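For reference, the structure is listed below as structure tokens.
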Amino acid sequence: MKKKGGRKILGFMVKEEKEENRGSVEFQVFRFTNKIRRLASHLELHKKDFLSERGLRRLLGKRQRLLAYLAKKNRVRYKKLISQLDIREQSVT
């Protein structure tokens, strides 16, 4: 991941692609992942911020549902996305 202007940008999310496919499952998971990482770092500093913790749990649930949908519909896109975002354990099977 590269940092650009204080934000993390992944190589596969090109600016033109982001503006065209904002409704795609991959883009939504990408956005949720960035928000989750930002909230997780916030909660490391502010351990008693329970409202942010609740928001983090909601985002995790939304991302989990989107990933379950993508895994059911298109396993290849799912595997590619989780490897690019590095969000799940890669099991050797």
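Take each of the peptides 65-73, 23-31, 43-51, average the number of other beta-carbon atoms within 10 Å over its residues, and list them starting from the highest.
Highest-to-lowest ranking by the protection proxy: 23-31, 65-73, 43-51.
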> Looking at segment 26-85, how many pairs of lysines come closer than 28 Å at the Cα, when each pair is eight or more places apart or spans two chains?
Replying inline: 14
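Bear in mind that the values in this text are calculations on the coordinates, not laboratory data. Owing to the predicted nature of the structure, the values given are computational and were not obtained by experimental measurement. Reconstructed Cβ throughout: ideal geometry from the backbone, glycine too, with neighbour counts over all protein chains shown.
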